[in-house]
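Written below as structure tokens is the structure these notes are about.
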Amino acid sequence: MESEAVIVDKRVAERARKLLLRHGLLDKSFKAARVGDQRVAFPVVDSGLASKILEEEGIPFEAGKYQFTPIRKPGRLEGRVKSFKIIGDIVVFSRSGDVPLEEYVDSAVKLLGENPRLRAAWLKVETRGEERLPKLIHLAGERKTRAVVKEYGVRLVVDISRAYYNPRLAGEHWRVADLTRDGELVLDMFTGVGAFALHIAKRRKTIVAASDINYEALRLAGESLALNRRLSGAVILFNADARALPLNARFDRIIMNLPKDSLRFIPEACRLISTGGFIHIYTLQPGSREAVEAVESALYSCGCTPIVELSRKVLDYSPTKSIYVVDVMVKERREHRECG
């Protein structure tokens, strides 16, 4: 089966493997493969990030696609229930309309039985309201909803019943932190449990203003701050509605991770971004072109002139729409411009 890959000389293969493993980039669903007599191919979850890591460590590599042999893992599900997220020691299934509850219960019992480290299984029926709170049904195991997860060395306190968290965004948290430079003033408009903010503060000498309307999410972010003591930068948490933030500073970088509604908050982003600053906008759209067009239109209407630096699919959402990130640099901004 074909997967993203990095290929290295066999003499540095073990060093590369440990490096990829430490950063959570090694795709453990496939076996590494020999390429001829002198090279080894490693399956990775994100070849762009893997390339960056290897380059920083001075390991020569080649990135691309490669055919790997899948690893048959205990707990891989058969039938209609196959998709789930593992958050610490908790399994979370997402509801599909045509699958009865009994099949989720059976799958949950099977997973917990084959994986002793997993302690609880839940079904997420929907996500509701501005606070992005999930409606959950307990399937099996303990009724616990809290866990501590680790992303690239950052520890996050998560409570799946009180705040939105998606482990599949770990690569985005790392990517945005990597783009941030020392000395920047950063705004995370929808911080949730603080993942973007903590990744940035861990790696860069920055100040991150991290806001959320969900007070419980900020409490979790505060717990995470206490766990990650060795930070290069500072994180300031505050509870506010992103439509009218109590801020007058000009930010060098703004993160807008609210895919269903991020475009509604463009007026506030345009008010707070500095000329030459960067905005990372996550939006739910049918394709990359539509994502760029929607973001550009919203920014222009609010007096910001954007230069699009990147647009790519981050996550699948439904058969017709996906979550895209659009990175823009704001070339010009006009004061007191009415949006519309």
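The values are calculated or read from the model by the stated rules, or taken from the named source; none is laboratory data. Given the structure is predicted, the values throughout are model-derived calculations rather than measurements. Reconstructed Cβ throughout: ideal geometry from the backbone, glycine too, with neighbour counts over all protein chains shown. Heavy atoms of the whole protein, side chains included, go into the accessibility calculation; ligands, DNA and RNA do not. Shrake-Rupley method; radii C 1.70, N 1.55, O 1.52, S 1.80 Å.
Descriptive notes on the structure:
- In Hz, Karplus ³J(HN,Hα) per residue of the range 289-298 (6.51, -1.76, 1.60; θ = phi - 60°; x = Gly, Pro): 4, 5, 4, 4, 4, 5, 5, 4, 4, 5
- Applying the Karplus relation 6.51 cos²θ - 1.76 cosθ + 1.60 with θ = phi - 60° to the range 300-313 yields 3J(HN,Hα) values of 4, 5, 9, x, 9, 9, x, 10, 6, 9, 6, 9, 8, 6 Hz, where x marks Gly and Pro.
- Counting only protein heavy atoms and a 1.4 Å probe, the range 270-340 has 49 square angstrom of accessible area per residue.
- Nonlocal amide H pairs with PHE68, under 5 Å, H built at 1.01 Å: GLU2, SER3
- Percent of beta bridges antiparallel (DSSP, the chain, rounded to nearest 5): 70
- For the range 179-185, 3J(HN,Hα) computed residue by residue from phi via the Karplus equation (6.51, -1.76, 1.60; θ = phi - 60°) reads 6, 5, 10, 3, x, 6, 9 Hz, glycine and proline entered as x.
- Relative intensity of the range 178-309 on a log10 scale, I(q)/I(0) at q = 0.09, 0.22 Å⁻¹, equals -0.25, -1.35, per a Debye sum over C-alpha point scatterers of equal strength in the absence of solvent.
- Pairwise FRET efficiency - ARG15 versus SER297, Cβ, R0 = 30 Å, nearest 0.05: 0.05
- Accessible surface of the chain [probe 1.4 Å, protein heavy atoms]: carbon and sulfur percent: 50
- Based on alpha carbons, the Rg and Dmax found for the range 214-271 are 13.3, 36 Å.
- Eligible aspartates and glutamates near LYS135 by straight Cα distance, threshold 16 Å, same-chain separation 8 or greater: GLU126, ASP159, GLU216
- MET329 accessible area, 1.4 Å probe, all protein chains in place, Å² to nearest 10: 40
- Mean separation of Cα contacts under 8 Å, 6 or more apart, over the residue count of the range 267-340: relative contact order %: 42
- 5 angstrom amide H check on GLY277, placed H, neighbours 5+ away: VAL330
- Order of exposure, largest accessible area first, which applies to ASP37, ASP46, ASP261 with probe 1.4 Å: ASP37, ASP261, ASP46
- Solvent-accessible area per residue, Å², over the range 113-261 with all protein chains present [probe radius 1.4 Å]: 44
- THR320 accessible area, 1.4 Å probe, all protein chains in place, Å² to nearest 10: 100
- Compactness of the range 86-187 is given as radius of gyration and Dmax, 16.0, 53 Å, from Cα positions.
- Within the straight-line cut-off of under 14 Å between alpha carbons, the aspartates and glutamates reachable from LYS205 are ASP178, ASP182, GLU184, ASP252, sequence neighbours fewer than 8 places apart in one chain being disregarded.
- In this view, the solvent-accessible surface of TYR300, computed with a 1.4 Å probe and all protein chains in place, comes to about 110 Å².
- Protection proxy ranking, peptides 310-319, 169-178, average beta carbon neighbours within 10 Å, highest first: 169-178, 310-319
- Pairwise FRET efficiency - ASP316 versus SER274, Cβ, R0 = 25 Å, nearest 0.05: 0.15
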